[in-house]
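The values are calculated or read from the model by the stated rules, or taken from the named source; none is laboratory data. All values derive from a computational prediction rather than experimental measurement. Neighbour counts run over all protein chains shown; Cβ positions are idealised from the backbone, glycine included.
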């Protein structure tokens, strides 16, 4: 971390009223709009609105997923934050520094020292082996061949490619190639990790495997991650928070449970209406306050457990089940009726009942 390192309570990334509008007269139109951008009017004037007044914060160690349909602006927003694309207006701060005011030299140093990037196209060098591909960005930074190869071998082990160090990309499956891309981006030890549709080119079985691997890596490394996807189930599985975009606007930014239970707009509701609640909601979303006088089960469940994983045990317990935190302190009670409501109640029924 630099001398400008953020504290635990300050955001690592902050976006203030970020706009990205494509077109020759984009800036003048934005200035004349007073910040109120109607995408259809801009389109008639020959401009395409990529990002429309995005403001949010991301804290250290947080995994924020940006999602939406094709053309919603999710990848454009990611490219603005990494400054692969220059925003039309607004401010983007990383560790308190406005990256839009950085020189090219400062920006290159920021990317080399703090940012890792993984895109849908793995972009592996075909004539280099796995370990050489992973070592390549370290060598670009000026690290010696010996040290970069050693670091690359550690990354090979981290992403479970041990034994394939000397394979060429053509000898690897799609999932294995993606692991090399992930290992290469992690080799520089980034503080911030940008992933743009990293698993969308993979078949469903490999995709699930890579999601599992990703969750394992995040459990070990606790990176700050911005992850773009159009797959809502993937977002629900991986995210701490989700930003849902439509026509460049962030329609809702919230936890997976709150987005499912309390969609802010009709557009968000359509994303959530077919989601199986039990696969998304954590116990803490449906638990009741703890009552010391109540006769409870000997079974205990974690507040962070997904309902689906404990539903059968809770329904068979016969008594309310204590809910515990990381220190095994009781923080609530889970009644069977709550689980039944999530499993079999209508969406409208338990949306109303579970609203905080």
*Restricting attention to the range 156-173, which residues are closer than 20 Å to residue 216 by Cβ, at pLDDT 90 or above and either touching a strand residue (DSSP E or B) at 6+ places or on another chain (Cβ under 7 Å) or assigned to a helix (DSSP H, G or I) (or both)?*
156
*Specify the residue that is modelled with the lowest pLDDT; the eligible residues are those in the range 194-219 that are under 17 Å from the mean Cα position of the chain (by Cα) and in a loop (DSSP other than H, G, I, E, B).*
200
*Name the single residue, out of those in the range 64-94 being crowded, with 20+ Cβ neighbours inside 10 Å and in contact with a helix residue (DSSP H, G or I) (Cβ under 6 Å, 6 or more places away or on another chain), that is farthest from residue 228 (Cα to Cα).*
88
*Would you mention how many residues in the range 169-191 are out of contact with any helix residue (DSSP H, G or I) (no Cβ under 8 Å at 6 or more places or on another chain) and farther than 21 Å from residue 81 by Cβ?*
3
_Residue check, residue 237 farther than 23 Å from residue 99 by Cβ, within 15 Å of the chain's Cα centre (by Cα), free of Cβ contacts under 8 Å to residues at least 40 places away in the same chain and surrounded by 17 or more Cβ atoms within 10 Å (Cβ to Cβ)_ = yes
_Tell me whether the range 266-288 contains one or more residues that are at pLDDT 90 or above, part of a loop (DSSP other than H, G, I, E, B) and surrounded by fewer than 17 Cβ atoms within 10 Å (Cβ to Cβ)._
no
*Would you say residue 257 is in a helix (DSSP H, G or I) and surrounded by fewer than 23 Cβ atoms within 10 Å (Cβ to Cβ)?*
yes
_Hits in the range 235-258 (condition: modelled with pLDDT under 90 and out of contact with any strand residue (DSSP E or B) (no Cβ under 7 Å at 6 or more places or on another chain))_ = 236, 237, 258
